[in-house]
Amino acid sequence: MMLIKCVMSEQLMRRSILSAVTFARRSTALGTSYVQPCRGKKDDSNSHSPESLFHPVPIKPTPDDINIGAELTGSLIKKTDLLRILNAFTQKTEIKELARQHGLDSYLQGQAFTNFRQYCMATESLPVDLHIVLSDILQGAGNVTDIFPYFLRHAKQMFPHIDCVDDLKKISDLRSPATWYPLARAKNRKIIFHAGPTNSGKTYHALERFITAKSGVYCAPLKLLVAEGTPCDLLTGEERKCVKGPNNPANHLSCSVEMVNLQNEVAVIDEIQLMRDLSRGWAWTRALLGIPADEIHLCGEAAAIDLVKAICVSAGENVEVRRYKRLTNLEIESQALGSLNNIKPGDCIVCFSKNDIFTVSRSLESRGTEVAVIYGSLPPGTKLAQAAKFNDPKNSCKVLVATNAIGMGLNLHIRRIIFYSLIQPTYNEKGEKEMDIMSVSAALQIAGRAGRYGTAWSTGYVTTFKREDLPTLKNLLNQTPEVIIQAGLHPTADQIELYAYHLPNSPLSNLMDIFVSLCTVDDSLYFMCNLDDFKFLADMIQHVPLPLRARYVFCCAPINRKLPYVCTMFLKFARQYSKNDAITFSWLCQHIGWPFATPKTILDLVHLEGIFDVLDLYLWLSYRFMDLFPDAEMVRDIQKELDALIEAGIVRLTALLLHSDAGEETDSFEMQTQKQNFYRDHETTGKRSAGKGKLTERLIAEGLLTPQMLRELQSEWIKSKKKK
């Protein structure tokens, strides 16, 4: 009876195989395909085939002591015969076509055929059904095409996306982002665009409505912008401040644009043109489409007007445009500065690198000119203190040296902007760093900081340091910024979770690549933001066992991936979190070398700035994982202490540069931190770990010896040898 059932099941299986092959041939003749093309416009940068992004899931043979297939057929299959059958199978044209129609293109077919062959040759006991089919083929009772269902089953285990590619495409359909925000769509929002250049009063007029509203939210690109303005609650990724006390929110909120998620009467979105930003543009797009306020006031360049109108039309909304002109005159000087001896009170020299900042600052102070210094990696408190020092008419400091960080976020009383260079580092669509002449938008934004309305300088001036740069600057400032044609988008945590459900074995960075490759974007309005920073962090912590949602949040952390120390601490935070161990104040202090020492060299200062970024990262994570980052208040206290030390270092910048030139920078602050940690551990335990390797390597690893000290010892040893 059992034998009859086996025979019947074999016959049914063969019929289904033959009908499948016949259907494949008919489908080929009719030109049909199972794989539906992804409709909609897609960014050209992501138009490459997504198949190369799907990593095969390893499939290992399952050892079994009993070869049931051999018992049923009464014979073992020789490896040589098996290889001959499999080779014949993979060479058949109709098999390749049938595989293509089941979602396996030539790239995936090559991997699937190879892996299927290796699997069959390596296993001692094949699956029962596959063994029976192969035995029939050897006996002339079957055709090699009968193997296809078993090959397809194997291929789907290797590439799980084959069964769900249409679902993945639906998840990553980003053609109508306006529909993602039903609360905003339910409101009849009034949208007003305040368009104008720098120093035109556009933000002032928007904030007037913000102040008079019963409730309002002001969205800014920087913490500095958030810190200024009308008294209200403060919300950033790292900070929460309630002016009325805890659990008593005010009616007005000032927040960084990434954090906005509240319903108010009035919302002000500043610097709306940053929708074009390759990394952060998604935050402005989300704010524009998603804030459920009665009135939305946008402030920014006129170059964004057409794009904003088009996006709002797609959401069924209209835009009222109010244009503003510059309130003070801005003149381009006929001569370049030429020499730092020609610096005057109220001047600001704009550099595009820290090295230039340090060079110019030192050169000016060697001439007896006191300077204020502002660059991007300084803490907000230090930037504000340096700005106040420069703005104070009673202060002896009358000259500012700064990067393009002054382009937005600070109110500065500048008489003249001097571009030390016009070559600015930028990032292309692929996230690659390039050195090129600054954009028209950046030139106008920075130059417009001269002659601010309401200050002592009723007219602003702008020039260059080098004579050969002046014609280029004049050309830049006589143009209007390029019209902004696209706004940024970014995959949400929910979308990536759905991807992970379908592709559970894919790492997070690979999921992001697949998402970008499969997504459909209306490129007449939108583009997919660059995800390189996200993927870099995802790869860094891929080996750390974390839930997907927590992994996604960690990878959204705003850190500079070019700072190794900050990245190392990020990895340590993730490891502690994965073990469910609280990252306490005590733990943190052991890893950052608290209490801090006053910086003696530039390297010390840079390292302190890195520690400040680590503390910012801790605070950012503490608002998302409160239970495992419990000591936010104490961290904020030492961050204030650190801010003061960095500010003191900036005041003594020339002395730091002199010490660095004397060779002291090799005995870095990080080494001092290691020594402090060693001595602290030695005091508490009375032990030190027994190192391995050479004595010098052990001493350096334990922080007892620095490379500079080693060189000095070598020099003294050589001198003593010569004397002998």
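The values are calculated or read from the model by the stated rules, or taken from the named source; none is laboratory data. Not measured: the values here are computed from a predicted model. Virtual Cβ from ideal backbone geometry, glycine too; neighbours counted across all protein chains shown.
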Does segment 504-535 hold any residues that are among the hydroxyl-bearing types (Ser, Thr, Tyr) and free of Cβ contacts under 8 Å to residues at least 60 places away in the same chain, and which are they? Ser509
When both residues are 6+ apart or on different chains and their Cβ atoms are under 7 Å apart, which pairs have a first residue that lies in segment 213-227 and is modelled with pLDDT under 80, and a second that is polar (S, T, N, Q)? Lys223/Thr236; Lys223/Ser256; Val226/Thr236; Val226/Ser254; Val226/Ser256
Restricting the search to segment 400-425, which residues are surrounded by fewer than 22 Cβ atoms within 10 Å (Cβ to Cβ), in a strand (DSSP E or B) and not polar (S, T, N, Q)? Ile423, Pro425
Restricting to segment 373-389, name every residue that is in contact (Cβ under 8 Å) with a residue 24 or more places away in the chain and assigned to a helix (DSSP H, G or I). Pro380, Gly381, Thr382, Lys383, Leu384, Ala385, Gln386, Ala387
Just one of the numbered conditions (1) touching a Ser or Thr at 6+ places or on another chain (Cβ under 9 Å); (2) more than 17 Å from Arg624 (Cα to Cα); (3) in a helix (DSSP H, G or I); (4) in contact (Cβ under 8 Å) with a residue 60 or more places away in the chain is not true of Ala538; which one? (4)
Checking Leu378 against (1) touching a strand residue (DSSP E or B) at 6+ places or on another chain (Cβ under 9 Å); (2) within 17 Å of Val360 (Cβ to Cβ); (3) not small (Gly, Ala, Ser), which single condition isn't satisfied? (1)
Can you find even one residue in segment 48-67 that is surrounded by 15 or more Cβ atoms within 10 Å (Cβ to Cβ), at pLDDT below 65, not charged (D, E, K, R) and not assigned by TED's automatic domain parsing to the domain that holds Asn143? yes
Looking at segment 272-299, which of its residues are under 25 Å from Gly201 (Cβ atoms) and more than 24 Å from the chain's Cα centre (by Cα)? Ala293, Asp294, Glu295, Ile296, His297, Leu298, Cys299
Evaluate the following for Asn395: is it assigned to a helix (DSSP H, G or I) and loosely packed, with under 14 Cβ neighbours inside 10 Å? no
Of all residues in segment 483-513 being in contact with a Cys (Cβ under 9 Å, 6 or more places away or on another chain) and assigned to a loop (DSSP other than H, G, I, E, B), the one that is modelled with the lowest pLDDT: Leu503
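So that you can scan it fast, the table gives a plain yes or no per residue for (1) surrounded by fewer than 21 Cβ atoms within 10 Å (Cβ to Cβ); (2) within 16 Å of the chain's Cα centre (by Cα); (3) within 25 Å of Ala500 (Cα to Cα):
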| position | (1), (2), (3) |
| --- | --- |
| Pro547 | yes, no, yes |
| Arg551 | no, yes, yes |
| Pro558 | yes, yes, yes |
| Leu563 | yes, yes, no |
| Thr568 | yes, no, no |
| Ala582 | yes, no, no |
| His591 | yes, no, no |
So for segment 69-83 (the condition being modelled with pLDDT under 70 and not in a helix (DSSP H, G or I)), does at least one residue qualify? no
Could you list, ordered by first residue, the pairs with Cβ atoms under 7 Å in which the first is in segment 559-571 and under 18 Å from Gly593 (Cβ atoms) and the second is part of a helix (DSSP H, G or I) and among the β-branched types (Val, Ile, Thr), at least 6 apart or interchain? Val566/Val614; Met569/Val614
What strands (runs of 3 or more DSSP E), lying completely within segment 257-372, carry at least 2 residues that are surrounded by 19 or more Cβ atoms within 10 Å (Cβ to Cβ)? 266-269, 295-300, 347-350
Could you check how many residues of segment 110-142 are touching a residue at least 40 places away in the same chain (Cβ under 8 Å), of a type outside the set (D, E, K, R) and touching a helix residue (DSSP H, G or I) at 6+ places or on another chain (Cβ under 9 Å)? 18
Give the number of residues within segment 182-198 that are farther than 19 Å from Val260 by Cα and within 31 Å of the chain's Cα centre (by Cα). 5
For residues that are of a type outside the set (S, T, N, Q) and assigned to a loop (DSSP other than H, G, I, E, B), scanning just segment 467-482, find the one that is surrounded by the fewest Cβ atoms within 10 Å (Cβ to Cβ). Glu482
